[in-house]
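Accompanying notes for the structure given below.
Throughout, read-outs are computed from the coordinates displayed, never taken from laboratory work. Just so it is clear, the model here is predicted, and its values are computed rather than measured. Cβ sites come from the backbone with ideal geometry, for glycine too, and all protein chains shown count toward neighbours.
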Amino acid sequence: MHFEAATKDWQKSPITSMTRQSWIEAGKYLLEGAFSKITSIEEPMIVPRSEFAITYPHQGIPSSQLEREKRAEEFEGLTRTFFIGCMLIRNDPDTLIHGIRITDYYARQILRATDPDDPLFVGSYEQMQALSGEHRNDICFQQTVETCALVIGLWACREQIWERYSKKDQDQIAAFLQDWAIHATVPQNWRLFNMLDLAFLYQNGYPIESSLMAEHAAAILHYSVGDGWYRDGQSFDYYSAWAFNTYTPLWCAWYGYEKMPELAAAFEKQSNLLMQTYPDFFDADGWTNMWGRSGIYRCGAVSPLEANFFLSHPAANPGLARRIASGSLLQFLSRDDFLVDGVPSIGFYGPFSPLVQPYSCAESVYWLGKAFLCLYFPEDHPFWSAAEQAGTFSDKTGPVKVTVLDGPGLCTSNHPANGETLLRTGKVVKDASDTRGMWAYGKLCYSTKYPWEAVSVSEQYELTYEESGRECSRIPNALFYCGPKKEVLYRRAFFSLSTGTEMHWLDAMDLADFPVAEGILRCDRIRLCHRPSRLTLGSFGFPDNETTVQTKEGPNGEKAMILKGTDAMGQPRQLAMTIFAGWQDLSLMQGTGSNPDSAKSLILAASVRYQHHYDAAEPHVLLSQVLTREDGKDFTEEELFPIEKIDWEDPWQSGVYGAVTLHMRDGLIHRIDYTGIEARLTI
């Protein structure tokens, strides 16, 4: 059964109706399933498990590894549900869930988890080393991650749990935290876990090594690429949000402002820079895009909007932040398929294994509990007292708003005509075999209403050719960012880029695209050496629930296909794909189990065949567009066929060299010029 708030306020929250009390109700709703199998405060938080093939504890592994994974799972269950539990405890320490007073439960389980003599002890760093069989000092373990969740929870309900512990109990917990805080960490967002552990210890009068804190904090700051974004390892994704820009404001408040004001000021600046553009990563309903790894964390992506208010000089718009946070929460909690046995599924909506990573367990999903940071604020805080605001989507008849961030190579477009937000990424490199990685990071476009399809041609190019007597298919394994020229965003997609001692590539696509009212129009140029070959490009995945299919032809020979139907919740959906110059065919593909929104799905796919090596007369530029809408109205002829005339600067009219100018029916002119992008390739 989906969540329905009993408390609503359409005056203060005219978009979502959600109030502070609504959020408390949502927190209890989420913990109902977690506590459904708990019969006493002595039992660890192990939730019902529905996925066994990918997540841990893994099957058929050595006993020492299984022991290590079981301890990590118990700790994840405790600390990640505590993200929500601590806020409920803070608001009402007598909160009961399934007859258990959760204040007593978490207080008891925290002591058991940190007591070396208790069977439920989650382990010391040295013990985990022994179980792993690795005695290197640079090996890392899941406990480091979870200690940070633990200290956030203890800080949030300080009076209800931490201050009620005896000095002996506090010392026990502190010793456990100290052990993990000073040991190895992953040299990216994980450093923040160590930083908050150390800051919590400092807050509570325990000595820490300030030089270690400085090393971690300086390293975190150096991952910044501007506009509030941080590079996490090699990637850009929501870890910039639910790690860097959620934890750094807390660190500033706990430690930085007092002890390292220069670094704290830098982190505050980064958070406030993020507030200028981050709201535009969400759509008119506040929905979160399915993008990057750890998609099971879902609405946790809103947490930096809330964490910004822990800073001395926050820049977030409180009414806009609450509208987005509540909208994202309802995106998931309002679906009937969100819970499995009362627990958030291992997926995005319902169970969906293509986005799941093996570092997750059944309890990992409660990382989404970071969204409940907002319950730290009292009723009269601006986050709750301000009226909801629609931000960019206030004017439903306004133009598309495009935001380009050169540092992370990200481009958002907010489309008032259909209320969607589209995301185009530009700095992605994966191993050629990492198809799932490219689905999560390297689709050509991500939509808040059409989550990515686990099919290679969906919003990706697929190159098919014959090699050594057999058919081979490849999708790009890298996107390089070239930046915008006026309204056109330029990127390059490489097929099977080799990143050995010398970088080689044979096949690539020069990508050039710009937004239209209800989607993206593409004017991409081939850089193919493998011929004969076939190139295919698909649309977003479309939930197939009694879908109707319509085909239309345009005045200049264009072809469009339109899909009409509903999503899994019965909401109207409509998708159209139009092919213009270069493409030969437009067809319909079916998917099963590849769409996070529906058991069955459809993809519109454009295709073209290349016969000859280095033939300038064959089409080099491929023009297409994908449109979507959710209001039930039909697309107009002008929307389906928006190009009135194409001007080519080469005699073959193939786009082999020179610019291509598109004269649109609405009077706009778009000039696509690939000159100079070679010098601007960045990763």
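Report the residues of the range 21-46 in range of a label on H2: point 7 Å along Cα→C-beta, backbone N strictly under 14 Å from it.
No residues fall inside that zone.
Provide the descending list of Cα extents for the range 20-393 along its principal axes, expressed in whole angstroms.
Ordered largest first, the range 20-393 gives principal extents of 54, 49, 41 Å.
Place a point 7 Å from Cα of D92 in the direction of its Cβ. Which residues in the range 101-118 have their backbone N less than 14 Å from it?
What the label zone holds, given the 14 Å backbone N cut-off, is 101-103.
Computed over the Cα atoms of the range 378-478, what is the convex hull's projected area averaged over all directions, in nm²?
9.8 nm²
Does the range 46-202 classify as rounded, prolate or oblate by the C-alpha gyration tensor (a ≥ b ≥ c root eigenvalues; a/c under 1.5 gives rounded; else a/b over b/c gives prolate, otherwise oblate)?
Cα axes put the range 46-202 in the oblate bin.
Take each of the peptides 36-43, 463-470, 75-82, 575-582, average the number of other beta-carbon atoms within 10 Å over its residues, and list them starting from the highest.
By packing density, highest mean first, the sequence is 75-82, 575-582, 36-43, 463-470.
Applying a 10 Å radius around every beta-carbon, put 206-215, 548-557, 235-244, 510-519 in order of their mean neighbour count, most first.
For the peptides 206-215, 548-557, 235-244, 510-519, the packing ranking is 235-244, 510-519, 206-215, 548-557.
Are there chymotrypsin sites (Phe, Trp or Tyr not before Pro) in the range 143-189 that DSSP puts in a loop and that have at most 12 other Cβ atoms within 10 Å, and which ones?
Passing sites in the range 143-189 do not exist.
Translational diffusion coefficient of the range 15-121 at 20 °C, 1.002 mPa s, Stokes-Einstein with Kirkwood Rh over Cα pairs, in µm²/s as a whole number.
Details: Rh = 15.2 Å.
Approximately 141 µm²/s, per Stokes-Einstein.
Find, among the trypsin sites (Lys or Arg not before Pro) in the range 100-190, those assigned to loop by DSSP (not H, G, I, E, B) with at most 15 other beta-carbon atoms within 10 angstrom.
Details: sites: R101, R108, R112, R136, R158, R164, K167, K168; in loops: R136, R158.
Loop-located and lightly packed - R136, R158.
For each of K427, K396, count neighbouring Cβ atoms within 10 Å of the residue's Cβ, then give the residues from fewest to most.
Details: K427 23, K396 11.
The most exposed by this proxy come first: K396, K427.
So what is the relative contact order of the range 64-136, in percent, for Cα pairs below 8 Å that sit 6 or more residues apart?
35 percent
Given the Cα-Cα distance of D673 and W10 and 0.36 nm per residue of separation, how much length would full extension add, in nm?
The span from D673 to W10 would gain 233.8 nm if fully extended.
Using the charge dipole of the chain (Lys, Arg: +1 at Cβ; Asp, Glu: -1 at Cβ; taken about the Cα centre), state which of L622, C529, A478 has its Cα farthest towards the positive end.
L622
Can you give the FRET efficiency to the nearest 0.05 for S473 and D138, using r as the Cβ-Cβ distance and R₀ = 35 Å?
0.35
So how do V122, V455 line up by other beta-carbon neighbours within 10 Å, fewest first?
If I rank by nearby Cβ atoms, fewest first, I get V455, V122.
Within a 10 angstrom radius of the beta carbon, how do D227, D524, D673, D634 rank from fewest other beta carbons to most?
Starting with the residue having the fewest Cβ neighbours, the order is D634, D673, D227, D524.
Strictly over 26 Å apart at the Cα level, which of K70/K370; K396/K552; K269/K396 would you flag in this model? Show your work: numbers first, answer last.
Working: K70/K370 23 Å; K396/K552 28 Å; K269/K396 32 Å.
In this structure, K396/K552; K269/K396 lie more than 26 Å apart at Cα.
Based on the Cβ-Cβ distance of E546 and T592, what FRET efficiency does E = 1/(1 + (r/R0)^6) give at R0 = 25 Å, to the nearest 0.05? Kindly include the intermediate steps, with their values, before the conclusion.
Numbers: r = 16 Å, r/R0 = 0.63.
Result of the calculation: an efficiency of 0.95.
Ranked highest first by the average count of other Cβ atoms within 10 Å around their residues, in what order do 10-16, 312-318, 289-295, 617-623 fall? Present the calculation step by step, with values, prior to reporting the outcome.
Details: 10-16: 15.7, 312-318: 17.3, 289-295: 22.9, 617-623: 20.4.
Descending mean neighbour count gives 289-295, 617-623, 312-318, 10-16.
Could you list the trypsin sites (Lys or Arg not before Pro) in the range 616-658 that lie in coil according to DSSP, counting only those with at most 12 other Cβ atoms within 10 Å of their Cβ?
Here the trypsin sites (Lys or Arg not before Pro) that fit, given the DSSP loop and packing criteria, are K633.
How far apart, in nm, are the 7 Å Cα→Cβ label points at K645 and M664?
That separation, rounded to one decimal, is 1.8 nm.
Determine the relative contact order of the chain: mean sequence separation of Cα pairs under 8 Å and six or more apart, normalised by residue count, in whole percent. Don't skip to the end; give the middle numbers.
Details: 1454 pairs, mean separation 70.8, N = 683.
Relative contact order for the chain comes out at 10 percent.
If you take the Cα atoms of the chain, find Rg, then find the Kirkwood Rh from the mean of 1/r over all pairs, what is Rg/Rh?
My calculation puts Rg/Rh at 0.98.
Would you tally the net charge around M1, using a Cβ to Cβ cut-off of less than 13 Å, leaving M1 out, and scoring K and R as +1, D and E as -1?
Overall, the nearby charge balance is -4.
Work the Kirkwood hydrodynamic radius out for the range 427-680: mean of 1/r over every pair of different alpha-carbon atoms, inverted, in Å.
Values: mean 1/r = 0.0536 Å⁻¹.
When all Cα pairs of the range 427-680 are included, the Kirkwood radius is 18.7 Å.
Hey, got the Cα dimensions of the range 285-432 along the principal axes, in Å, largest first?
So the three principal-axis extents are 39, 38, 32 Å.
Describe numerically, in nm with one decimal, the distance between label points set 7 Å from Cα along Cα→Cβ at Q571 and at H381.
My value for the distance between the label points is 2.7 nm.
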